[in-house]
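K.L.:
I am attaching a structure below and will ask some questions about it afterwards.
The values are calculated or read from the model by the stated rules, or taken from the named source; none is laboratory data. None of the values given here were measured: they were computed from a predicted structure. As a convention, Cβ positions derive from the backbone with ideal geometry for all residues, glycine included, and neighbour counts pool all protein chains shown.
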Amino acid sequence: MINPKDYKQLVYDIIGSAMEVHRELRWGMLEPLYNEALYRELNSRGIPCMRELPVPCYYKGQKMDKYYQLDLVVGDVIVELKANKSIDSVHRSQLFNYMRLTKKPIGLLINFGQPSLQGERYAYFMETNECVLLDKEMNIVRKHITNN
């Protein structure tokens with residue numbers, strides 16, 4: 001079983017990088033601009049990451065032509081970016097699906113679409129197939145029902 005606190009410093013570094021991007025670009029831009037800017041900011045801080053990573057999907061054991069594409073992956077952390085008025089349940093479900101497909105233990109949902117940067121932290125527990133909301137200290141705040 002994972003310990004979300006093991007990822008506290010990395011998550012802190014990712015969110016700090018996102019805050020710098022938000023300070024520089026402000027809000028109201030398109031998501032792809034924030035994606036590239038955050039990728040560049042992470043790299044400038046020496047934090048290796050992958051951008052627009054394809055995730056294959058399968059149907060009855062056969063690989064499909066269609067795939068999901070992750071915005072950013074930093075180590076074992078999936079970073080899903082938005083540039084909307086708010087974060088909603090569809091955005092959370094998207095992140096949860098990515099976490100389940102990749103088995104990555106930590107997911108960040110970051111929204112650049114407001115004057116203040118918005119973010120949520122989640123942990124994925126493979127044993128129970130559930131995603132849980134984490135606070136800033138990486139403690140479990142609330143369990144979320146995932147779409148199994």
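K.L.:
Confirm whether Gly75 is of a type outside the set (Val, Ile, Thr), exposed (fewer than 11 other Cβ atoms within 10 Å of the Cβ) and over 15 Å from Gly16 (Cα atoms).
P.N.:
It is false that Gly75 is of a type outside the set (Val, Ile, Thr), exposed (fewer than 11 other Cβ atoms within 10 Å of the Cβ) and over 15 Å from Gly16 (Cα atoms).
K.L.:
Okay, next question. Report the residue count in region 108-134 for those that are assigned to a loop (DSSP other than H, G, I, E, B) and either surrounded by 15 or more Cβ atoms within 10 Å (Cβ to Cβ) or aromatic (Phe, Trp, Tyr) (or both).
P.N.:
4
K.L.:
Among the residues of region 21-37, which ones are touching a residue at least 60 places away in the same chain (Cβ under 8 Å) and of a type in the set (A, V, I, L, M)?
P.N.:
Hits for region 21-37 are Val21, Leu25, Met29.
K.L.:
May I ask you to list pairs of residues, at least six apart or on different chains, whose Cβ atoms are under 7 Å apart, with the first in region 117-143 being without any contact (Cβ under 8 Å) to a residue 12 or more places away in the chain and the second being not hydroxyl-bearing (Ser, Thr, Tyr)?
P.N.:
From residues that are without any contact (Cβ under 8 Å) to a residue 12 or more places away in the chain, the pairs are Val141/Leu133; Val141/Leu134; Val141/Asp135; Arg142/Val132; Arg142/Leu133.
K.L.:
Being surrounded by fewer than 12 Cβ atoms within 10 Å (Cβ to Cβ) and either in contact with a strand residue (DSSP E or B) (Cβ under 6 Å, 6 or more places away or on another chain) or modelled with pLDDT under 95 (or both) is the filter here, so list the residues in region 11-36 that pass it.
P.N.:
Gly28, the sole residue that qualifies.
K.L.:
Quick test of your reading of the structure: Tyr39 fulfils all but one of (1) within 15 Å of Ile2 (Cα to Cα); (2) crowded, with 19+ Cβ neighbours inside 10 Å; (3) aromatic (Phe, Trp, Tyr). Name the failing condition by number.
P.N.:
Answer for Tyr39: the failing condition is (1).
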